[in-house]
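So the structure is just underneath, and the comments pick up after that.
The values are calculated or read from the model by the stated rules, or taken from the named source; none is laboratory data. All values derive from a computational prediction rather than experimental measurement. Positions of Cβ are backbone-derived with ideal geometry, glycine not excepted, and every protein chain shown enters the neighbour counts.
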Amino acid sequence: MSANGGHLVSAAKLSEFVAKLFEAVGVSGVAASTVARGLVDAELDGLSSHGVMLVDMYIERLRKGSVSLNEKASIVSERQGAVVLDAGHALGQLTGIQAMTIAVEKARQFTAGIVSVRHGFHFGTAGRFAVQAAGAGCIGIAMCNTRPLMPAPGGAERVVGNNPIAIALPTTGNIPVVLDMATSEAAMGKIRMAEKANEPIPATWAVTVLGAPTTSPSEAIAGMLLPSGGPKGFGLSFLIDMMCGLLSQGATGSQVRPLYGDFGVPYDCSHLFIAIDVAHFCDADWFRQQTAAAAEKIRSGQRAPGVEKLFTPGEPEWRRRERAGGQVQLDPSVVAMLSRFAGELGVAATPFQTPTKEKHHA
């Protein structure tokens, strides 16, 4: 968010408004609400790079036909716990929920359900689907490949995407235990946010087309992201690409097209969803309790000097949501974009209030 403040918006009203924008370009009411909630939930979690800033790209792709108005993926093959889906370039939040629902159903029967998806589109935060499985008593794993954005260690060309992976465990209590990470040092969405806000980025996030460090978002977008953890992040990203694309017989590497390239050309990424029913291994309640106990041990552990609190994976996002109190702070550039579409599509831009000074959340 820009340092000069933003617009405070009710999350419920924002979700309703974004849904109306999608409905105005042909998405059904139920589907539009599902996608809008996914984007607004990302805002509440502090993951604005996966939030409503994506609305313009989604709408332009819907307008130009590279994103389908279909709401379900079709089944290509089904062999016990293994299912291949063809998303047909439908909105990824819709096919992602469908795929993980099938994975959980298969896990109930076969211990594990593995659903690969080809011809997919951007699905928002991977953690959303992993948590979906965890809520059903399964270990949930979700991953996706993207177009190449990162070089191999020592390389000078893009060869792998910053392919995200999320893993969630069933647990007791309200705080989820979920790892949700891209394999780059920073998500491209964060860099695009910095570009829109005309702000610099840390020099560790990306390099120029020549491989030189940069703090310029535009140079980073034209150049290459850097993998998290160097060779480790690169290796993880490469294997995610292979698993998503090969198991689905879908796109890998440069076959995945730029998300912000030609909006008339399908993105064509591949997804993979895995659910493991812990009840096939042990008592499910015991598993949840053990997960919660391990998480609490981390939170209550000894802290280094100057550190006020320790967190488990997924906890910072959960706490941001709790503090948000159902309110989302939007950058003025995002509000301007949403208002522009509202005018074009005949949707009243009612949820936006007067700009306020930004509230900083840890």
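Things worth noting here:
Table: residues versus (1) outside any loop (DSSP other than H, G, I, E, B); (2) at positive phi; (3) among the aliphatic types (A, V, I, L, M).
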| site | (1), (2), (3) |
| --- | --- |
| ALA168 | yes, no, yes |
| THR171 | no, no, no |
| ILE175 | no, no, yes |
| VAL178 | yes, no, yes |
| LYS190 | yes, no, no |
| GLU195 | yes, no, no |
| ASN198 | no, yes, no |
| PRO202 | no, no, no |
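- Taken as a whole, the range 27-45 holds at least one residue that is at negative phi, surrounded by fewer than 18 Cβ atoms within 10 Å (Cβ to Cβ), assigned to a loop (DSSP other than H, G, I, E, B) and touching a residue at least 40 places away in the same chain (Cβ under 8 Å).
- A single entry from VAL35, VAL40, VAL27 fulfils the requirement of being of a type in the set (A, V, I, L, M), touching a strand residue (DSSP E or B) at 6+ places or on another chain (Cβ under 7 Å) and assigned by TED's automatic domain parsing to the domain that holds VAL334: VAL40.
- THR172 surrounded by fewer than 22 Cβ atoms within 10 Å (Cβ to Cβ) and among the hydroxyl-bearing types (Ser, Thr, Tyr): yes
- Pairs where the first residue, in the range 101-116, is farther than 17 Å from PHE281 by Cβ and the second is charged (D, E, K, R) and at pLDDT 95 or above, C-beta under 8 Å, 6+ apart: VAL115/LYS106
- Any hit, the range 68-86, residues being in contact with a Leu (Cβ under 9 Å, 6 or more places away or on another chain), assigned to a helix (DSSP H, G or I) and farther than 14 Å from VAL334 by Cβ: no
- Residues of the range 77-100 classified as loosely packed, with under 15 Cβ neighbours inside 10 Å and touching a helix residue (DSSP H, G or I) at 6+ places or on another chain (Cβ under 8 Å), total: 1
- Within the range 309-341, being assigned to a loop (DSSP other than H, G, I, E, B) and of a type in the set (Lys, Arg) holds for one residue alone: LYS309.
- Which numbered condition THR172 misses (of (1) in contact with a Leu (Cβ under 7 Å, 6 or more places away or on another chain); (2) among the β-branched types (Val, Ile, Thr); (3) more than 20 Å from SER270 (Cα to Cα)): (1)
- Residue count for the range 224-240, restricted to those that are in a helix (DSSP H, G or I), out of contact with any Pro (no Cβ under 9 Å at 6 or more places or on another chain) and touching a residue at least 12 places away in the same chain (Cβ under 8 Å): 1
- Screening ILE141 on (1) in contact with a Pro (Cβ under 7 Å, 6 or more places away or on another chain); (2) among the β-branched types (Val, Ile, Thr); (3) assigned to a strand (DSSP E or B) shows it passes everything except condition (1).
- Test: LEU14 is within 24 Å of ALA194 (Cβ to Cβ), among the hydrophobic types (A, V, I, L, M, F, W, C), surrounded by 22 or more Cβ atoms within 10 Å (Cβ to Cβ) and in contact (Cβ under 8 Å) with a residue 60 or more places away in the chain: yes
- Screening the candidates ALA279, ALA275, ALA292 for the property of being assigned by TED's automatic domain parsing to the domain that holds PHE129, buried (at least 21 other Cβ atoms within 10 Å of the Cβ) and either small (Gly, Ala, Ser) or assigned to a loop (DSSP other than H, G, I, E, B) (or both) yields one hit, ALA275.
- Pair list, Cβ under 9 Å, 6 or more apart: the range 339-360 residue in the same structural domain as ALA12 (by TED's automatic domain parsing), other residue modelled with pLDDT under 55: PRO355/ASN4; LYS357/ASN4; GLU358/MET1; GLU358/SER2; GLU358/ALA3; GLU358/ASN4
- Residue count for the range 253-272 under the criterion of being part of a helix (DSSP H, G or I) and either free of Cβ contacts under 8 Å to residues at least 24 places away in the same chain or of a type in the set (S, T, N, Q) (or both): the result is 2.
- Put simply, of ALA186, ALA212, ALA197, ALA142 the only residue that is within 23 Å of ILE274 (Cα to Cα) and either in contact with a Phe, Trp or Tyr (Cβ under 6 Å, 6 or more places away or on another chain) or surrounded by fewer than 20 Cβ atoms within 10 Å (Cβ to Cβ) (or both) is ALA142.
- Residue that is surrounded by the fewest Cβ atoms within 10 Å (Cβ to Cβ) [pool: residues in the range 304-353 that are among the hydrophobic types (A, V, I, L, M, F, W, C) and under 15 Å from SER10 (Cβ atoms)]: ALA348
- Annotation: of all residues in the range 58-76 being closer than 29 Å to HIS280 by Cα and among the aliphatic types (A, V, I, L, M), the one that is surrounded by the fewest Cβ atoms within 10 Å (Cβ to Cβ) is ILE75.
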